[in-house]
């Protein structure tokens, strides 16, 4: 059966690597038309190339744009570029984010606070606000990326946890606000995922990696593909009655 995402225009942030790239490749395979964005221009160029490797679509259907989600003016311009090309947007994947550096709060700086909040939380706000007027309704949706840290705090990551708690609260409010317009808003909350942003931990000592792998019931780190399939489901028709949901993708975290 044809995918319900075939021909749908999907804007992805943070798609230059990791979960964003894995999700772009998944959505490409389902026949979606992608606007691939990231602050990393080399990364989005590679993602775009990877999305041209099958016969489902070619890169001529997709576009890539450099984007710093923390800057509202840049987001507005990017969204207008996407709308100028495709006429509308059907779905948005808010994936851009910065992982934490574990440290006591007294050792953090204002710049560090501003960077994490600016990308992880304000970025989701900027992209959502800019895209709402251009979303196809009914049937459009947002999928926002939080984390297991969005409700499972850990010492040394207060600012990061605050942003991920914030994404959940923001998303649930938007689900109430946009639901009557026919737009759904859902959240994925990944656990330990083997991505470039986790490379320092994942490729560190065997002991450090072992703690991550054994931190859940499945005994392994997740992959971008593990997240991508859930994102595609949440955007698809099969999830048409899911709104304001937070989906844990963590292999059942051990507490």
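The values are calculated or read from the model by the stated rules, or taken from the named source; none is laboratory data. Being a predicted model, the structure only gives us computed values, none of them experimental. When we count neighbours, we look across all protein chains shown, and the Cβ atoms used for this are built from the backbone with ideal geometry, even at glycine.
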Quiz item: So which residues in the stretch 145-177 are in a helix (DSSP H, G or I) and in contact with a strand residue (DSSP E or B) (Cβ under 7 Å, 6 or more places away or on another chain), if there are any at all?
Solution: 148, 150, 167, 168, 171, 174, 175
Quiz item: Got a number for residues in the stretch 213-255 being assigned to a loop (DSSP other than H, G, I, E, B) and either within 21 Å of residue 17 (Cα to Cα) or under 14 Å from the mean Cα position of the chain (by Cα) (or both)?
Solution: 4
Quiz item: Going by the structure shown, is residue 138 part of a loop (DSSP other than H, G, I, E, B), in contact (Cβ under 8 Å) with a residue 40 or more places away in the chain and buried (at least 16 other Cβ atoms within 10 Å of the Cβ)?
Solution: no
Quiz item: Would you call residue 101 under 19 Å from residue 173 (Cβ atoms) and part of a loop (DSSP other than H, G, I, E, B)?
Solution: no
Quiz prompt | Total residues in the stretch 11-61, condition in contact with a helix residue (DSSP H, G or I) (Cβ under 8 Å, 6 or more places away or on another chain), surrounded by fewer than 24 Cβ atoms within 10 Å (Cβ to Cβ), closer than 24 Å to residue 134 by Cα and at pLDDT 95 or above | solution = 5
Self-check item: Whichever residue in the stretch 1-16 is in contact (Cβ under 8 Å) with a residue 40 or more places away in the chain and more than 11 Å from the chain's Cα centre (by Cα) and, among such residues, is farthest from residue 121 (Cα to Cα)
Solution: 3
